[in-house]
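Notes follow the structure.
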Amino acid sequence: MVATELSEGLYRLGLGRYQAYLWRDGDRATLVDTGEVGSGALIVAALAEIGLSPDALERVVLTHFHDDHAGSAAEIAAFGVPVVAHAADAPVLRGEVPGPPPDFTPFERELHARTAAGLRPAPPVAVDVEVADGDVLDFGGGARVVSVPGHTDGSIALHLPEHGVLFTGDLIAEYEGEIIPGVFNLDAAEAARSFRKLAALRPTTACFGHGEPAIGNADALIGARAEALA
Ligand SMILES: [Zn+2]
Ligand SMILES: [Zn+2]
């Protein structure tokens, strides 16, 4: 199985080393991120597992331009699926400008060399819808775009207040049972501010770009880490 149902309508897609999420409203769905290059077939398989085809995808939302999230965006866009991303990351996604590299700590530089080995660059993709903080997308009862710069300039989270669900992108991660700020940031101080902005939303369920999602207890876990950061 590629798709794991986390709660009603919410699925985690296991895409090899990486992951994406799917929100389903009846026979329509929104994909959040796409994994690395070459994950398109797995995403199609995940849709088939839950009785949907790529035609059911109303949009794919990219939380940011990094290759482990946007790698298969072009493969999904090829099905005629509109691509949604923040205006600040859109030029990178389109291939118009190179993505600014993270401001690595020495630890992160070594970690990145190990974990990103073999990660292929995301092919350019057209961004059909550029979004900004406060925009609301028509799924999950109204999905609010939350601008969370720091990881990349155009990083976004998606908040579904009606369901208490938060897609954090890479601003927050889970690693070996710990909730941690994401690594490989453009600006770690700004990323910390964005972490606190997400904590203030007090989600019930949080879907991280990396690691195990927090189902039902996200508020306590993220809140405790935000306090430690402050
Ligand atoms: Zn990232
Ligand atoms: Zn990532």
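Here, each number is a calculation from the coordinates, and none is a lab measurement. This structure is a prediction, so every number in the text was calculated from the model and none was measured. All Cβ positions, glycine included, derive from the backbone under ideal geometry; neighbour counts span all protein chains shown.
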Item to complete: Kindly provide the set of residues from the stretch 20-71 that are part of a helix (DSSP H, G or I), buried (at least 22 other Cβ atoms within 10 Å of the Cβ) and among the acidic types (Asp, Glu), ordered by number.
Response: ASP68
Response to the item:
Counting only residues that are part of a loop (DSSP other than H, G, I, E, B) and in contact with a Lys or Arg (Cβ under 9 Å, 6 or more places away or on another chain), the stretch 148-175 contains a total of 6
Practice prompt. Identify, from the list GLY154, GLY142, GLY134, GLY95, the residue that is away from ligand 1 (no atom under 13 Å from the Cβ), closer than 18 Å to GLY71 by Cα and not hydrophobic (A, V, I, L, M, F, W, C).
Written response: GLY95
Worksheet item: Which residue pairs have Cβ atoms under 7 Å apart, sit 6 or more places apart or on different chains, and have a first residue in the stretch 136-159 that is among the acidic types (Asp, Glu) and a second that is within 16 Å of ligand 2 (Cβ to nearest atom)?
Response: ASP153/ASP89; ASP153/LEU186
Worksheet item: For GLY134, are the conditions met, namely being more than 25 Å from HIS159 (Cβ to Cβ) and loosely packed, with under 14 Cβ neighbours inside 10 Å?
Response: no
Response to the item:
Just one listed residue, out of ALA214, ALA189, ALA199, ALA220, is away from ligand 2 (no atom under 16 Å from the Cβ), among the small types (Gly, Ala, Ser) and without any contact (Cβ under 8 Å) to a residue 24 or more places away in the chain, and it is ALA220
Worksheet item: Between residues in the stretch 62-81 that are of a type in the set (D, E, K, R) and residues that are more than 16 Å from ligand 2 (Cβ to nearest atom) and not in a loop (DSSP other than H, G, I, E, B), which pairs lie under 7 Å by C-beta distance while being six or more apart or on different chains?
Response: GLU75/GLY40
Practice prompt. Would you point out the residue of the stretch 72-113, among those that are surrounded by 15 or more Cβ atoms within 10 Å (Cβ to Cβ), part of a helix (DSSP H, G or I) and not aliphatic (A, V, I, L, M), that is nearest to ligand 2 (Cβ to nearest atom)?
Written response: HIS112
Fill in: One residue from PHE184, PHE167 being in contact (Cβ under 8 Å) with a residue 60 or more places away in the chain, surrounded by fewer than 24 Cβ atoms within 10 Å (Cβ to Cβ) and among the aromatic types (Phe, Trp, Tyr)
PHE184
Practice prompt. Quickly run through the stretch 179-200 and pick out the residues that are under 17 Å from the mean Cα position of the chain (by Cα) and more than 16 Å from ligand 1 (Cβ to nearest atom).
Written response: ILE179, LYS197, ALA199
